[in-house]
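A quick write-up on the structure given underneath.
The values are calculated or read from the model by the stated rules, or taken from the named source; none is laboratory data. What you see is a predicted model, and the numbers here were worked out from it, not measured in a lab. Cβ sites come from the backbone with ideal geometry, for glycine too, and all protein chains shown count toward neighbours.
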Amino acid sequence: MAEDDLKTFEVAFECDASGVGKMRCEMDVRLVVPQLIEWEMASDEYGFHGGDGTAPLPIAYFIAGLTSCLMTQMRAFSKRLRVDIENPQISCRCEWEATQRGREPYESAPKSIAMDISFDTDSPLEDQLKLIEAAKKGCFIEAMLTPQNEIKHRLKTADGWVDC
């Protein structure tokens, strides 16, 4: 590929969340680059955390986002790679464990994410694997899970922002 064929584009999302009720979280989610699109979303915990279960659990959005992101990329790239697929299916399972000492808050530790992919196609296995690899690389959410991505946290105080 010639260097002048290389394209770079940016995507940016923002989310403002407010805690309401017992454990409900109401969010204004925005795609801000390359264009503005907005959604109102909510999450809530079930009784274990003191919530009322009025909306999906926060982790439900994560697994739905991860699974649908890979599905979207796989379907989009199938056209570009000329791998005709029909009836695409993905089953995703996320597992984690938590440890807790006494009354201390528990700590979560990821264990695994497994994605089973199927579709109908007449394409050779090599082309199918190339399609899935391209979808994995194109999935923004999967890329965010890689070790080089640092998640930064700040706390707003009366004196300004403090890194946590």
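Identify all residues within segment 96-122 that are touching a residue at least 24 places away in the same chain (Cβ under 8 Å) and aliphatic (A, V, I, L, M); write none if there are none. Correct list: Ile113, Met115, Ile117. Whether any residue in segment 118-131 is under 30 Å from Glu10 (Cβ atoms) and of a type in the set (Val, Ile, Thr) is what I want to check. The answer is no, given that none of the residues of segment 118-131 is under 30 Å from Glu10 (Cβ atoms) and of a type in the set (Val, Ile, Thr). In segment 78-91, the condition of being at pLDDT 95 or above, surrounded by 14 or more Cβ atoms within 10 Å (Cβ to Cβ), touching a Lys or Arg at 6+ places or on another chain (Cβ under 7 Å) and within 29 Å of Tyr106 (Cβ to Cβ) is met by no residue. Scanning segment 15-42 for residues that are loosely packed, with under 12 Cβ neighbours inside 10 Å and not aliphatic (A, V, I, L, M) gives Cys15, Asp16, Ser18, Gly19, Pro34, Gln35, Glu38, Trp39, Glu40.
Filtering segment 43-76 to residues that are over 30 Å from Thr8 (Cβ atoms), surrounded by 15 or more Cβ atoms within 10 Å (Cβ to Cβ) and among the aliphatic types (A, V, I, L, M) leaves Ala55, Leu57. For segment 129-140, the candidate set comprises residues that are in a helix (DSSP H, G or I) and touching a residue at least 12 places away in the same chain (Cβ under 8 Å); within that set, the residue that is farthest from the chain's Cα centre (by Cα) is Lys130. Candidates are the residues of segment 1-33 that are among the small types (Gly, Ala, Ser) and over 30 Å from Gly50 (Cα atoms); the one that is modelled with the lowest pLDDT is Ala2.
Being assigned to a helix (DSSP H, G or I) and of a type in the set (A, V, I, L, M, F, W, C) narrows it down to one of Ala114, Ala60, Ala109, Ala55, so name that one. So the residue among Ala114, Ala60, Ala109, Ala55 that is assigned to a helix (DSSP H, G or I) and of a type in the set (A, V, I, L, M, F, W, C) is Ala60.
Against the definition (surrounded by fewer than 10 Cβ atoms within 10 Å (Cβ to Cβ) and outside any loop (DSSP other than H, G, I, E, B)), how does Glu126 come out, yes or no? It is true that Glu126 is surrounded by fewer than 10 Cβ atoms within 10 Å (Cβ to Cβ) and outside any loop (DSSP other than H, G, I, E, B).
Selection over segment 1-38 of residues that are without any contact (Cβ under 8 Å) to a residue 24 or more places away in the chain and within 16 Å of the chain's Cα centre (by Cα) gives a count of 8.
Condition first: small (Gly, Ala, Ser) and touching a residue at least 60 places away in the same chain (Cβ under 8 Å). Now tell me which residues in segment 63-87 satisfy that.
Taking segment 63-87 as the starting set, the residues that turn out to be small (Gly, Ala, Ser) are 64-65, 68, 76, 78.
Across segment 63-87, the qualifying residues are Gly65, Ala76.
Scanning segment 98-133 for residues that are charged (D, E, K, R) and modelled with pLDDT under 90 yields Glu107, Lys111. Counting only residues that are at pLDDT 80 or above, under 21 Å from Phe13 (Cα atoms) and outside any strand (DSSP E or B), segment 141-163 holds 5 of them.
Before we move on, is Ala134 of a type in the set (A, V, I, L, M) and touching a Lys or Arg at 6+ places or on another chain (Cβ under 6 Å)? Judged against the criteria, Ala134 is not a match.
With the structure loaded, tell me whether Glu95 is under 24 Å from Ala135 (Cβ atoms), in contact with a Ser or Thr (Cβ under 6 Å, 6 or more places away or on another chain) and assigned to a strand (DSSP E or B) or whether it fails that test. So that I can check it myself, show each step before the final result.
Working: under 24 Å from Ala135 (Cβ atoms): yes; in contact with a Ser or Thr (Cβ under 6 Å, 6 or more places away or on another chain): yes; assigned to a strand (DSSP E or B): yes.
For Glu95, the condition - under 24 Å from Ala135 (Cβ atoms), in contact with a Ser or Thr (Cβ under 6 Å, 6 or more places away or on another chain) and assigned to a strand (DSSP E or B) - is met.
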